[in-house]
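Everything below concerns the one structure shown next.
Every number in this text was worked out from the coordinates using simple rules, so none of it is lab data. The structure displayed is predicted, hence computed values, not measured ones. Here Cβ is always computed from backbone atoms with ideal geometry, including for glycine, and neighbour counts include all displayed protein chains.
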Amino acid sequence: MKTKAKSIIQTLVLTALGVVFVWFAYGQIEKNKTEIISAFTNANYFWVFICASIAFLSHVVRAFRWKYLLEPLGYKISFFNAFAAVFIGYFGNYAPVMRLGEVYRATIVDRYEKIPFQTGFGTIITERLVDTLLLFGIFGLTLFISIFRINWIE
């Protein structure tokens, strides 16, 4: 009974918080309503669809990558839960106070897949480190190629 009451209270608090955020956002939107309507009217939805598809595919790839990163540690996570945790993590990064997406992501798999928080969080940190190293590598390669092209053109 305690957990059901706690769950109901959490749902009510989070719903109230969501309503407050929507109310604040609506107040900002109301000021620029004609500009927003014009932007939606004149948008090229082909490119919106392409960008949304690429973003969705990137989240699918991240979920698969995380799923396969957990397997050598002895944990099998369902693709749906990995995918949902990735989305919840990104949503958590939009919190106004702190960017807690990675913490939420590890908490979700701890709760629903019984993967210890430390293990889930450790794999998330590993993902971020690899992503950062790849970003620096691509940046360095791009810089090298750009310098070579600039010197070659002159």
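Please give me, ordered by residue number, the GluC sites (Glu not before Pro) of segment 1-104 that lie in loop per DSSP and have at most 10 other Cβ atoms within 10 Å. Write out the running numbers ahead of the final one.
Numbers: sites: 30, 35, 102; in loops: none.
The qualifying sites: there are none.
Compute the FRET efficiency between residue 4 and residue 24 as 1/(1 + (r/R0)^6), taking r as their Cβ-Cβ distance and R0 = 41 Å, and round to the nearest 0.05.
Values: r = 31 Å, r/R0 = 0.75.
The calculated FRET efficiency here is 0.85.
Report the trypsin sites (Lys or Arg not before Pro) located in segment 28-76 that are in a DSSP loop and have at most 15 other Cβ atoms inside 10 Å of their Cβ, or state none. Can you show the working numbers first?
Values: sites: 31, 33, 62, 65, 67, 76; in loops: 76.
The qualifying sites are 76.
Output ³J(HN,Hα) for segment 21-31: one whole-Hz value per residue in order, computed from phi by the Karplus curve 6.51 cos²θ - 1.76 cosθ + 1.60 with θ = phi - 60°, and x for Gly and Pro.
Once rounded to whole Hz, the list reads 5, 5, 4, 5, 5, 4, x, 6, 5, 4, 5.
I need the shape label for segment 1-43. Rule: rounded when a/c is under 1.5, else prolate if a/b > b/c, else oblate, with a, b, c from the alpha carbon gyration tensor. Mind showing how you got there, number by number?
Values: a/c = 9.61, a/b = 3.46, b/c = 2.78.
Prolate shape, in that a/c is at least 1.5 and a/b is the bigger ratio.
Under 25 Å between alpha carbons: how many lysine pairs meet that in the chain, if sequence neighbours fewer than 8 apart on the same chain are excluded?
Details: 2/114; 4/114; 6/114; 67/76; 67/114; 76/114.
For the chain, the number of qualifying lysine pairs is 6.
Out of the chymotrypsin sites (Phe, Trp or Tyr not before Pro) in segment 65-154, which ones are loop residues according to DSSP with at most 15 other C-beta atoms within 10 Å?
Numbers: sites: 66, 68, 75, 79, 80, 83, 87, 90, 91, 94, 104, 112, 117, 121, 136, 139, 144, 148, 152; in loops: 75, 94.
Taking segment 65-154 and a limit of 15 other Cβ atoms within 10 Å, the loop chymotrypsin sites (Phe, Trp or Tyr not before Pro) found are 94.
Near the amide H of residue 115, under 5 Å away, which other amide H atoms are found, from residues 5 or more places off or on another chain, if H is placed in the peptide plane?
110
What's the local net charge at residue 99, with K and R +1, D and E -1, over the other residues with C-beta under 14 Å away?
Numbers: positive: 105, 128; negative: 102.
With Lys, Arg at +1 and Asp, Glu at -1, the neighbours total +1.
I'd like the FRET efficiency for residue 129 and residue 44, computed as 1/(1 + (r/R0)^6) with the beta carbon distance as r and R0 of 25 Å, rounded to 0.05. Mind dumping the intermediate values first?
Values: r = 37 Å, r/R0 = 1.49.
Efficiency at R0 = 25 Å is approximately 0.10.
Where in segment 57-85 does the label zone of residue 141 land, with the point 7 angstrom along Cα→C-beta and an amide N cut-off under 14 Å?
It comes to no residues whatsoever.
Work out how far the C-alpha atoms of segment 53-152 reach from end to end along every principal axis, then list the three figures in whole Å, largest first.
56, 35, 28
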